[in-house]
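Let me begin by presenting the structure, written as structure tokens, before commenting on it.
The values are calculated or read from the model by the stated rules, or taken from the named source; none is laboratory data. Model, not experiment: these values are computed from the prediction. Glycine gets a Cβ as well: all are built from the backbone with ideal geometry, and neighbour counts include every protein chain shown.
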Amino acid sequence: DSSLPEPITIKLDDAGHHIKLRKTGDADGKGTRVRVLGRVHRERKQKDVLFVTLRDGYGLMQVVISGKLAKTYEALTLTRETSMEILGEMREVPAGARAPLNRELHADFYKIPKHWRAAGGEDAITNRVQASAEHATLLDLRHLTLRGENASSVLIVRDALEFAFNRAYHEARIRKVSPPALVQTQVEGGATLFKFDYYGADAFLTQSSQLYLETCLPSMGSVYCIEKSFRAEKSLTRRHLSEFTHVEAELDFIEFSHLLDHVEFLICRVIELTMADPAIAGYVKTLNPEFTMPERPFMRMKYTDAIQWLIDHDIPNEEGNPHNFGDDIAEAAERRMTDIMNKPIFLTHFPAHIKAFYMKKDPEDNRVTESVDCLMPGVGEIVGGSMRIDDYDELLAACKREGLDPEAYCWYFDQRKYGSSPHGGYGIGLERLLAWLCKQHTVRDCCLYPRYMGRCKP
Ligand code: 4AD
């Protein structure tokens, strides 16, 4: 109807003052005429009125289609996920009714080009993606399940979380760099290396950007990166991926206690920034109703005390025996410990032989390193960090002990040759932090298209 006012095009979450709602029962009042584009999230017919919940990735909007508009072929055969362009007047929802943002769009026009229509009948999306389907089947259909409220909410929170990291590091004057993914050095042990042919030479997908971050300290000060890390994990657990997003930082001229304080501060600041956006806080509340901000200071516990705690609580090691000094604390034991304590824990001072070659020894007890894992309830380890060996000879010896070829690491040793410094850093698994924040059972649901043993598609 060309006599109607020109519509303004809006996103479905737009609630600015430029949008007026016509009051219920106000015959003369005028609501703003808007134009929206989105997909049919839900639809239901009530007598001669078609109610459509439209979705555009920003929000949901209730659309009321009535009169002749509800009797067209398109309206009568409307399927979920069909894309639509709709024009109409914004109104208040009648008393007793409910709709997103307490408003509804009364359509006076809509358009559904033929190829915008979603398959229906047998092939309808609701038949393909069934709530009862196996998790593996849902992951095969990830390109469709992403459209669901749960999956998309987690990914929207993930976007906010990653943005918050960038903001928090910027506030702390820590600079972002982008180290390479294709490398010829290992960082976290040979067992999980993804090896490939690099123009006739052996190369690996990076396990961690740490060694590269260390090379930035002399000229850029403390640095961070948010990059992919790759590990050929040969076990199927709910917290291991083959490709994960690694938030890593390296801090110059620090002591171990500074490292712990910084990690604690950063995690809390990132969560605070993420939750400061009411829309994001809303998603978190829906996904994780019991969420509360972590309390500072985090509990700090030495590895030796953790071993004693596990013995006292009858939690056995992987062989089913009581824990001993030197045991790696396996995933199951670690999770039980975090679940019982039910708060973030810094586990520190791990024995040197169960940790990476580059970790600095504790000057007070040479058996252990200045290392830390941060454990969160429900997930377990989300952060791994340490002070680094800053002495050339000590690092060379550690490298040889590990069976690593010093030739391949010459550029890393050069950092200790040309102006060494006390420094340390850490890596945070973004998917694990997100699993904790959004109370997801597995990190597989915390990335767009998870990669783990046996899955490399879609
Ligand atoms: O403890 P990790 O192996 O430490 C490092 O890689 C150090 N070089 C990082 C550094 O100091 N710059 O890994 C750090 C974190 C873990 O705590 C975990 O959150 C995550 O990375 N992570 C994984 N997340 C998902 N899937 C995997 N396979 C992961 N491996 C490590």
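Things to note:
- Looking only at region 416-430, and only at residues there that are part of a loop (DSSP other than H, G, I, E, B) and among the small types (Gly, Ala, Ser), the one that is nearest to the ligand (Cβ to nearest atom): 421
- Verdict on residue 232 being of a type in the set (A, V, I, L, M), surrounded by fewer than 21 Cβ atoms within 10 Å (Cβ to Cβ), modelled with pLDDT under 95 and closer than 30 Å to residue 136 by Cβ: no
- Subset of region 80-108 [assigned to a loop (DSSP other than H, G, I, E, B), on the phi > 0 side of the Ramachandran plot and buried (at least 17 other Cβ atoms within 10 Å of the Cβ)]: 81
- Here is the figure for region 347-367: residues that are more than 16 Å from the ligand (Cβ to nearest atom) and touching a strand residue (DSSP E or B) at 6+ places or on another chain (Cβ under 8 Å) total 3.
- Within region 197-218, the residues that satisfy the criterion of being in a strand (DSSP E or B) and either within 12 Å of the ligand (Cβ to nearest atom) or touching a residue at least 12 places away in the same chain (Cβ under 8 Å) (or both) are 198, 201, 202, 203, 204, 205.
- Cross-chain or 6+ apart pairs with Cβ under 8 Å, region 284-300 first and part of a helix (DSSP H, G or I), then surrounded by 12 or more Cβ atoms within 10 Å (Cβ to Cβ) and of a type in the set (Val, Ile, Thr): 284/157; 284/274; 287/154; 287/157
- Matching residues, region 415-432, being within 9 Å of the chain's Cα centre (by Cα) and farther than 23 Å from residue 143 by Cα: 429
- Looking only at residues in region 186-196 that are of a type in the set (A, V, I, L, M, F, W, C) and in a loop (DSSP other than H, G, I, E, B), the one that is farthest from the ligand (Cβ to nearest atom) is 193.
- Reported count of residues in region 146-172, each being within 30 Å of residue 128 (Cα to Cα) and outside any helix (DSSP H, G or I), is 3.
- Set side by side, the residues 458, 344 differ, and just one is within 16 Å of the ligand (Cβ to nearest atom), touching a residue at least 12 places away in the same chain (Cβ under 8 Å) and more than 27 Å from residue 217 (Cα to Cα), which is 344.
- For residue 159, the criteria (1) within 30 Å of residue 282 (Cβ to Cβ); (2) touching a residue at least 12 places away in the same chain (Cβ under 8 Å) hold in every case but one, which is (2).
- Test: residue in region 376-390 that is over 28 Å from residue 284 (Cα atoms) and in a loop (DSSP other than H, G, I, E, B): yes
- Against the numbered list (1) surrounded by 14 or more Cβ atoms within 10 Å (Cβ to Cβ); (2) within 29 Å of residue 274 (Cβ to Cβ), residue 392 comes up short only at (2).
- Hey, residue 416 farther than 21 Å from residue 251 by Cα and among the basic types (Lys, Arg) or not: no
- Region 219-257, subset in a helix (DSSP H, G or I) and either within 11 Å of the ligand (Cβ to nearest atom) or free of Cβ contacts under 8 Å to residues at least 24 places away in the same chain (or both), residue farthest from residue 161 (Cα to Cα): 219
- Pairs meeting the criteria (first residue in region 310-337 and closer than 20 Å to residue 356 by Cα, second residue modelled with pLDDT of 90 or more, beta carbons under 6 Å, at least 6 apart or on different chains) are 325/307; 326/351; 327/317; 328/354; 334/380.
- The set of residues in region 1-34 being surrounded by fewer than 16 Cβ atoms within 10 Å (Cβ to Cβ) and among the charged types (D, E, K, R) consists of 1, 6, 11, 13, 20, 23, 26, 28, 30.
- Pair list, Cβ under 7 Å, 6 or more apart: region 377-395 residue modelled with pLDDT of 95 or more, other residue within 8 Å of the ligand (Cβ to nearest atom) and of a type in the set (Lys, Arg): 382/432
- Qualifying residue in region 156-175 (condition: within 20 Å of the chain's Cα centre (by Cα) and within 11 Å of the ligand (Cβ to nearest atom)): no
- Residue in region 315-355 that is surrounded by the fewest Cβ atoms within 10 Å (Cβ to Cβ), counting only those that are assigned to a loop (DSSP other than H, G, I, E, B) and among the aliphatic types (A, V, I, L, M): 330
- Test: residue in region 133-148 that is closer than 24 Å to residue 65 by Cβ and in contact (Cβ under 8 Å) with a residue 60 or more places away in the chain: yes
- So residue 126, is it more than 23 Å from residue 432 (Cα to Cα), part of a helix (DSSP H, G or I) and of a type in the set (Val, Ile, Thr): yes
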